[in-house]
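> Sharing a structure with you now.
Nothing in this text is a laboratory measurement; each read-out follows from the coordinates by a stated rule. Fair warning: this is a prediction, and the values are worked out from it, not measured in the lab. A quick note on method: Cβ atoms are made from the backbone with ideal geometry, for glycine too, and the neighbour counts reach across all protein chains shown.
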Amino acid sequence: MEKPKELKAAYQNEAILTEKLTKVFCTRSSSITALQDINLSVKDGEFLCIVGPSGCGKTTFLRILAGLEKQTSGKVYMISKNPEKPLTSMVFQGDSVFPWMTVRENVEYGLRMRGVPAKERREIAMKYIKLMGLSRFADAFPCQLSGGMKQRINVARAFVNDPEILLMDEPFGALDEQNRLILQQELLKIWEGTGKTSLFITHSIDEALILGDRVLVMTAHPGRIKAIVSVDIPRPRDILLLRSSPRFAQLYRNIWHLLQEEVTKASAREFAI
Amino acid sequence: MSMVEERIHKTFGRVIVKEEKGDIKSKAWASRGFLLKILTFLSPSLLLILWEILAGFHMIDVRLFSSPSRIFAALIPMLYSGELFYHTMVSTQRIVLGFLAGAFPGVVLGLSMGLFPPVRASLMPMVAATFPIPKLAIMPLILIIFGLGEASKVFTIAIGVFYLVLINTMAGVLNIDNIYLDVAKNFGASRFQFYTTVALPGALPMIFAGFKLGMGTALLLIVAAELSAAKAGVGWMVWRAYDMFDIEKMFVALITMAFLGYVFSCMLDLLERIVIPWKSQKN
Ligand SMILES: Nc1ncnc2c1ncn2[C@@H]1O[C@H](COP(=O)(O)OP(=O)(O)O)[C@@H](O)[C@H]1O
Ligand SMILES: [Mg+2]
């Protein structure tokens, strides 16, 4: 990943730029093009939601941005405005909370790795633990908590780290409806307070429209950008009001039509195999 | 039948009623737990009584199988004279030293083999080739190399413990879910931080499983190690009793070993609860 100086000047409003980003996974028998020619620009302070059929390369895209995976070809520019801050923090898909650390130790993890003094990181961590409604469990181990609470730790851990870019991979995917609604509300509240550049993968169109400034719809096999839909619903947003607004329904239908094609294509391909 | 039930009954003919009185601490369960506890004490006691009776009526040969009362009679003077304590201490020292000498390098090498593929690739063939050799078969070699003193006994135990701890530790590291490695990387953990916050705690449950297996092997090997060129120890007591045909003393030594094994496993359990608190809180 490169961060040349002239780009920084030219793209003052951008946080992420990708140019012909391509990722091919080679297995012994075959090769899978997970991402092909992704050209995307994410504005500074934007909340971008990514939807697409499963296996279309959403996770792979985030992992490349997080530096956990290398692209096969193409370029990624991450435009850092605040070099003291960590560049990215990821909320991983699935249970990624360390079982051997207490809730607080988990939430503090990023700060501890950066050498923030114990007292200071405790204060910051406790603030987010409170925000997530986990105060009672700060010193408990995750195995004593429900899946929903673990997911809150997962989200808090990334927020506490205060990165320039937040990467969230279906953070609420495994939650029940009530918990999801509560966490979406929390996330909106926290995010609208910080205005942090965020990429958010979800399989729920609802969720994408509730949270996102734009929704990126992807195609599968190979993973490409199919469309980008702007969500022109003003902030701060109220989830319940928003869901019953005509604009929401319209956008929902738009995205559903885009996705429907892709999902049918994907399942047709599965049958063909 | 209550009024309501009667009415329902008349209307529907068949009513299934499930009712609980709402005692949180069910008496049935409490008494069941108590019964199970009694059983765990009762069954060994019954066996001892049966043994004593059979011996008393000469239905088993007391010269070979002894009897609980005879063993007890042999145990008491050995306890008072301090003889038993002395032999127990000698063996305990060998077991503890051997265990530490085997477990420590086992953990260190197991961690490195789990973490570094080149280390694993270069050492695995040797481990795989030497692991199946029965440790008893190399005892004569150990005696030749380490002499007849304490070193050979400690080493015999150490070598047995070493392999079990090594293999379990390595498996423990290799079994850590990849997602934790990604988390550490994403949150900027340095190499050293990765070892201390992910690799070691992630492998600890398996490391302890290795310790427990190793402790079992250590008790096995102490008998073999004290067979030759020893002048004290519980294992030596067994062989000494064999030479003297002193069945009671032999049983006393066996009981002592069972006791030692129990104490060591309790200590490992305690240590495990302290070192791996997240595991014990699960239940
Ligand atoms: N490490 C890997 N090795 C081989 N193939 C992979 C690997 N990771 C992902 N893939 C493949 O790449 C495609 C995209 O995966 P992923 O990014 O996880 O999809 P999504 O998150 O959109 O469901 C899938 O077809 C998947 O099988
Ligand atoms: Mg995914």
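> Considering only DSSP beta bridges whose two residues both sit in the protein assembly as shown, what percent are antiparallel, to the nearest 5? Each step should come with its number before you reach the end.
Working: 20 of 38 bridges.
Antiparallel: roughly 55 percent of the beta bridges in the protein assembly as shown.
> Could I ask something else about it? Let me check I've understood the local charge: for A:Gly173, count other residues with C-beta under 12 angstrom from its C-beta, Lys and Arg +1, Asp and Glu -1. What total comes out?
-3
> Step through the residues of the stretch B:263-269 one at a time and calculate ³J(HN,Hα) from phi using the Karplus curve (6.51 cos²θ - 1.76 cosθ + 1.60, θ = phi - 60°), rounding each to whole Hz and writing x for Gly and Pro.
Result, ordered by residue: 4, 4, 5, 4, 5, 5, 4 Hz.
> Turning to a different aspect of this structure: Hey, fewest Cβ within 10 Å first, where do A:Arg121, B:Arg32 land in order?
Values: A:Arg121 20, B:Arg32 11.
In order of increasing Cβ crowding within 10 Å: B:Arg32, A:Arg121.
> If you don't mind, another one. Taking A:Lys70 as the anchor, which aspartates and glutamates have their alpha carbon closer than 16 Å to its alpha carbon, excluding any fewer than eight residues away along the same chain?
Within the straight-line cut-off, A:Lys70 pairs with A:Glu2, A:Glu19, A:Asp37, B:Asp182.
> Pairs of Cα atoms under 8 Å, at least six residues apart: use those to get the relative contact order of chain B, whole percent.
Numbers: 267 pairs, mean separation 58.6, N = 283.
Normalised by residue count, the contact order of chain B is 21 percent.
> Sticking with this structure for a sec: For every other residue with a beta carbon closer than 15 angstrom to the beta carbon of B:Thr256, add +1 if it is Lys or Arg and -1 if Asp or Glu, then tell me the sum.
Details: positive: B:Arg94, B:Arg240, B:Lys249; negative: B:Glu83, B:Glu226, B:Asp246, B:Glu248.
Taking every Cβ under 15 Å from that of B:Thr256, the sum is -1.
> Moving on to the next point. Output the 0 to 90 degree angle, nearest 10, between the alpha-carbon long axis of helix A:103-113 and the longest principal axis computed from the alpha carbons of chain A.
For helix A:103-113, the angle is close to 80 degrees.
> Still on this structure, please answer the following. Beyond 29 Å, how much of the Cα-Cα pair distribution for the protein assembly as shown remains, as a whole percent?
Details: 105635 of 154290 pairs.
Percent of Cα pairs beyond 29 Å in the protein assembly as shown: 68.
> So what's the angle, to the nearest 10 degrees on a 0 to 90 scale, between helix A:177-194 and the longest Cα principal axis of chain A?
Between the helix axis and the principal axis of chain A, the angle is about 80 degrees.
> If you average 1/r over all unlike Cα pairs in the stretch A:96-162 and invert the result, what Kirkwood radius do you get in angstrom? Can you show the working numbers first?
Values: mean 1/r = 0.0881 Å⁻¹.
Evaluated on the stretch A:96-162, it is 11.4 Å.
> Given the convex hull of the Cα atoms of the stretch B:69-280, what is a quarter of its surface area in nm²?
Working: hull surface 56.0 nm².
Over all viewing directions, the stretch B:69-280 projects a mean Cα-hull area of 14.0 nm².
> Continuing with this model, one more query. Could you identify which residue out of A:Asp176, A:Asp95, A:Asp206 has the top mean-square fluctuation in a GNM of chain A using Cα springs shorter than 10 Å?
Of A:Asp176, A:Asp95, A:Asp206, the Gaussian network model singles out A:Asp176 as fluctuating most.
> Let me ask something else about it. Add +1 for every Lys or Arg and -1 for every Asp or Glu among the other residues with Cβ under 11 Å from the Cβ of A:Thr33, and state the total.
Details: positive: A:Lys23, A:Arg224; negative: A:Asp37.
Net charge in that neighbourhood comes out at +1.
> Cross-link candidates for A:Lys127: which lysines have Cα within less than 18 Å, leaving aside residues fewer than 8 places away along the same chain?
The qualifying lysines are A:Lys119, A:Lys150, A:Lys189, A:Lys196.
> Loop only by DSSP, 13 or fewer other Cβ within 10 Å of the Cβ. Give me the GluC sites (Glu not before Pro) in the stretch B:5-92 that pass, ordered by residue number.
Details: sites: B:Glu5, B:Glu6, B:Glu19, B:Glu20, B:Glu52, B:Glu83; in loops: B:Glu19, B:Glu20.
Hits after loop and neighbour filter: B:Glu19, B:Glu20.
> Put +1 on the Cβ of each Lys and Arg and -1 on the Cβ of each Asp and Glu in the protein assembly as shown; which of A:Pro171, B:Ser66, B:Ile138 then has its Cα farthest toward the positive end of the dipole?
So the residue furthest toward the plus end is A:Pro171.
> Over the Cα atoms of the stretch A:141-237, what Rg and Dmax result, in angstrom?
So, for the stretch A:141-237, Rg and Dmax equal 14.2, 42 Å respectively.
> Compute a Gaussian network model of chain B, connecting alpha carbons closer than 10 Å, and tell me which residue from B:Ile138, B:Ile222, B:Ile16 fluctuates the most.
Maximum fluctuation in the GNM of chain B, among the listed residues, is at B:Ile16.
> Of B:Pro205, B:Pro117, B:Pro68, which is the most mobile in a GNM of chain B whose springs link Cα atoms less than 10 angstrom apart?
Maximum fluctuation in the GNM of chain B, among the listed residues, is at B:Pro117.
> What are the lysines whose alpha-carbon lies under 30 Å from the alpha-carbon of B:Lys249, with same-chain residues fewer than 8 places away excluded?
B:Lys135, B:Lys153, B:Lys212, B:Lys231
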